[in-house]
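A short write-up of the structure that comes next.
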Amino acid sequence: MTDWTEEYKARMRAFMEKKGKKVRTDKRYDWQEDDDVSTYGWQDHEAVRHTVPADDEYGGDGCHWVVPEGAVLYERTYSQFTDTFHDDENEVGINVKGCRCACGRYDEVILRYTGTLAEVMQEITGAPARVEVEL
């Protein structure tokens, strides 16, 4: 591995620690993937509250996520319920499995980030938030 590769991995781990939200899995059948979720939502709201700062207006527990070396990063699409009159919407996100919280309450979890590629690139490269490239 090159120094750039190791630096990229470290920055991606830091990004997911900062921006990732715990996935609440919903595996009911043997044929489902280990990271399948309910069509009604994937966020684990209890875990989100656990990682909100204690001095926040919502009064979180103040813990934080840890993405260790060796955690596996991958892209995943989930089908999410919109409403009764429309089709479900597909949501693409970056998942990383093998994470934990600092206090140990949550272990071997999947964190997920959904947002723009520009935000990810800005965080890991230090580039400006708005990038325009002449082709």
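I need the GluC sites (Glu not before Pro) found in the stretch 1-108, filtered to DSSP loop residues with at most 16 other beta carbons within 10 Å of theirs.
Answer in residue order: 33, 57, 69.
With a ≥ b ≥ c the root eigenvalues of the C-alpha gyration tensor of the stretch 1-58, is it rounded (a/c under 1.5), prolate (a/b larger than b/c) or oblate?
oblate
Would you compute, from DSSP H runs of 4+ residues alone, the mean residue ellipticity of the chain at 222 nm, taking -39500 (n - 2.57) per run and dividing by the full residue count, rounded to the nearest 500?
So the calculated ellipticity at 222 nm is -7000 deg cm²/dmol.
Please go through the stretch 21-127 and write out the trypsin sites (Lys or Arg not before Pro) that DSSP classes as loop and that have at most 14 other C-beta atoms within 10 Å.
Listed in order of number, the matching sites are 27, 28, 105.
At 7 Å along Cα-to-Cβ for each site, give me the label-to-label distance between residue 58 and residue 75 in nm.
Once both label points are built, they end up 2.8 nm from each other.
Short version: ³J(HN,Hα) in whole Hz for each residue of the stretch 22-36, in order, from phi by Karplus 6.51 cos²θ - 1.76 cosθ + 1.60 (θ = phi - 60°), x for Gly and Pro, what are they?
Each residue of the stretch 22-36 in turn: 5, 8, 9, 6, 9, 8, 9, 10, 4, 6, 7, 6, 5, 10, 5 Hz.
Quick one: which residues, 5+ away or cross-chain, put their amide H under 5 Å from the amide H of residue 80? H built at 1.01 Å from N.
For residue 80, whose amide H was placed from the backbone, the distant partners under 5 Å are 89, 90, 91.
Dividing the alpha-carbon Rg of the chain by 2.2 N^0.38 Å yields what?
Details: Rg = 16.5 Å, N = 135, 2.2 N^0.38 = 14.2 Å.
Computed over Cα atoms of the chain, the ratio equals 1.16.
Given points 7 Å out from each Cα along the Cα-Cβ axis, report the residue 45 to residue 8 separation in nanometres with one decimal.
Output for this residue pair reads 3.8 nm.
Pull up all non-local amide H partners of residue 25: gap of 5 or more, or a different chain, and H-to-H distance under 5 Å with H placed in the peptide plane.
Here nothing satisfies the definition.
Apply the Karplus parameterisation 6.51 cos²θ - 1.76 cosθ + 1.60, with θ equal to phi minus 60°, to every residue of the stretch 112-117 and state each ³J(HN,Hα) to the nearest whole Hz, in sequence, with x for glycine and proline.
Whole-Hz 3J(HN,Hα) from phi for the stretch 112-117: 9, 10, 10, x, 8, 5.
Which ³J(HN,Hα) values in Hz, rounded to whole numbers, follow from the phi angles of the stretch 84-97 under the Karplus curve 6.51 cos²θ - 1.76 cosθ + 1.60, where θ = phi - 60° and Gly and Pro get x?
5, 9, 10, 5, 4, 10, 8, 10, 9, x, 9, 10, 9, 9
Laboratory data are not the source of any read-out in this text; all were calculated from the coordinates shown. Everything quoted here is computed from the prediction, not taken from an experiment. For neighbour counting, all protein chains shown are included, and Cβ atoms are generated from backbone atoms with ideal geometry for every residue, glycine included.
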